[in-house]
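*Asks:* Structure in structure tokens, see below.
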Amino acid sequence: MQGFSPAQAELNLSRSTISTHMANLETRVGFKLCSRGRAGFALTDRGRSVYEAACSMLAAIEGYHAQIEHLKERIVGEVTVGVVDNLITNSDCHLRDAIRDALAVSQDLRITLRIAPPDEIEEQLVRGQIQMAITPQFQNRKFISQRPVFSERQLLLCGRENPLFLLDEDKMTSKLVAEQQYVRRGFVSVMTPYSSHFNSPALAVSHQMEGLAYFILSGRCVGFLPEFFADYWIERNEMRVIRPDRFCFDVPICLSRRDDKQHTHAEACVYDAILCAHQSAE
């Protein structure tokens, strides 16, 4: 419900085509569904009611298919998994093993991966656009279960061009760090104190880890990155860890799904494969 621009990428349709479909739908239902123009996009009250009714209808159809699959006792269908960006470089993430094991169970199983920032994945999970997700732990949401599968160690870093890079560690006090300009993540997490160490608002924002790295490497900002992701630049002496004894913390990475619906055999197969792949690696 953010306008036509995000829908273009999601549906792979032009703005004019989407606008035509919306106009046709408004003609069929007999009233205006949304306001669109220079003032921005917004659903009307009746438009919001139609949207909620459509979500209920789609959930009912999905439940129907789930019941049919259970009767057939076959693992068939498509399962969409949301995955936070850059996890592939984390050796503690065994998603590749889970995919191999799940696909070996059935030739009729299809797995789709959506790689995106954590806040986007969380929203897609809540809306039912994906069946499960692998992201940093987020605030408790109704009907969403979260099971930790591994953790990421977060380090506070500065780039080679930053004045802190050559400073003796014992001079890096909490007060000095609090005065630094920093780049923050573009999502809010109650589990992670990314911004709590600083006195002023962030100088820059990025939703992806790669963007955070650019700002840190510029020398203008300090910022947090997962250890596995930062190692590349640390080993090349392009980044330095700032007082790991004070600013290091671990973030649980969880496997999440909605628990207010009946899961298909396909969904259960993929979910169990992800859990087993990580449990066997412990």
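The values are calculated or read from the model by the stated rules, or taken from the named source; none is laboratory data. All values reported here derive from a predicted model rather than from experimental measurement. Please note: Cβ atoms are built from the backbone with ideal geometry, for glycine as well, and neighbour counts cover all protein chains shown. To get the accessible areas, we keep the full protein, side chains included, count just its heavy atoms, and leave off ligands, DNA and RNA. Shrake-Rupley method; radii C 1.70, N 1.55, O 1.52, S 1.80 Å.
*Asks:* For the chain, calculate the relative contact order in percent as a whole number, restricting contacts to Cα pairs under 8 Å that are 6 or more residues apart.
*Replies:* That works out to 25 percent.
*Asks:* List the residues whose amide H sits under 5 Å from the amide H of Tyr182, counting only those 5 or more places along or on another chain, with H placed 1.01 Å from N in the peptide plane.
*Replies:* Under 5 Å from the amide H of Tyr182: Leu203, Ala204, Val222.
*Asks:* For Lys261, which aspartates and glutamates qualify as cross-link partners when the Cα separation must be under 19 Å and same-chain residues fewer than eight apart are set aside?
*Replies:* Filter leaves Glu52, Glu62, Glu69, Glu73, Glu78, Glu122, Glu123, Asp272.
*Asks:* Lys175: which aspartates and glutamates have alpha carbons under 16 Å from its alpha carbon, excluding same-chain residues fewer than 8 sequence positions away?
*Replies:* Asp245
*Asks:* Sort 236-249, 219-232 by the packing proxy (mean of other Cβ within 10 Å over each peptide's residues), most packed first. Let's see the in-between values first.
*Replies:* Working: 236-249: 16.0, 219-232: 20.4.
Top to bottom by mean Cβ count within 10 Å: 219-232, 236-249.
*Asks:* Still on this structure: Students often check this: by mean Cβ neighbours within 10 Å, which of 150-162, 26-38 ranks highest, and how do the rest follow?
*Replies:* Ranking the peptides 150-162, 26-38 by packing returns 150-162, 26-38.
*Asks:* With Cβ to Cβ distances under 14 Å as the rule, what net charge do the other residues near Leu166 carry (K, R +1; D, E -1)?
*Replies:* On the way: positive: Arg160, Lys171, Arg240; negative: Glu161, Asp168, Glu169, Asp170, Glu238.
Combined, the nearby Lys, Arg, Asp and Glu give -2.
*Asks:* Just to confirm, what accessible area per residue do you get for the range 162-279 at 1.4 Å probe, in whole Å²?
*Replies:* Here the residues of the range 162-279 average 48 Å² of exposed surface.
*Asks:* Mind listing the phi-derived Karplus ³J(HN,Hα) values for the range 158-174, rounded to whole Hz, using 6.51, -1.76 and 1.60 with θ = phi - 60°, and x for any glycine or proline?
*Replies:* Ordered by residue, 3J(HN,Hα) equals 10, x, 4, 7, 7, x, 6, 4, 9, 6, 4, 4, 5, 8, 7, 7, 4 Hz.
*Asks:* Could you give the nm distance between label points at Ser218 and Thr89, where each point is 7 Å from its Cα heading toward the beta carbon?
*Replies:* A separation of 1.9 nm, rounded to one decimal place.
*Asks:* First compute the accessible area of the range 91-194 with a 1.4 Å probe, then give the percent of it belonging to carbon and sulfur atoms.
*Replies:* Accessible surface attributable to carbon and sulfur in the range 91-194 totals 46 percent.
*Asks:* Where does each of 251-259, 16-24 land if you order them by average Cβ count within 10 Å, highest first?
*Replies:* So the peptides 251-259, 16-24, ranked by packing, come out 251-259, 16-24.
*Asks:* Next question, about the same structure. Among residues other than Arg243 whose Cβ falls under 15 Å from its Cβ, what is the net charge (Lys/Arg +1, Asp/Glu -1)?
*Replies:* -1
*Asks:* Follow-up question, since we're still on this one. Using the C-alpha gyration tensor of the range 178-282, what are the square roots of 5 times its eigenvalues, in whole angstrom, with the largest one first? List each step's numbers first, then the result.
*Replies:* On the way: eigenvalues 225, 59, 33 Å².
They are 34, 17, 13 Å, listed from largest to smallest.
*Asks:* Here is a further query. When the helix-only estimate is applied to the chain (DSSP H runs of n ≥ 4, each -39,500 (n - 2.57), divided by the residue count), what is the mean residue ellipticity at 222 nm, nearest 500 deg cm²/dmol?
*Replies:* Here the helix-only value at 222 nm equals -12500 deg cm²/dmol.
*Asks:* Please report, in cubic angstrom per residue, the volume enclosed by the convex hull of the alpha-carbon atoms of the range 227-281.
*Replies:* Residue-normalised Cα hull volume stands at 138 Å³.
*Asks:* Tell me, in nm to one decimal, what length is gained between Thr173 and Arg38 on full extension, where the rule is 0.36 nm per residue of separation less the Cα-Cα distance?
*Replies:* 43.7 nm
*Asks:* Something else: Give me the net charge of Ile234's neighbourhood, meaning all other residues with Cβ under 10 Å from the Cβ of Ile234; Lys, Arg count +1, Asp, Glu -1.
*Replies:* Surrounding charge for Ile234 is -2.
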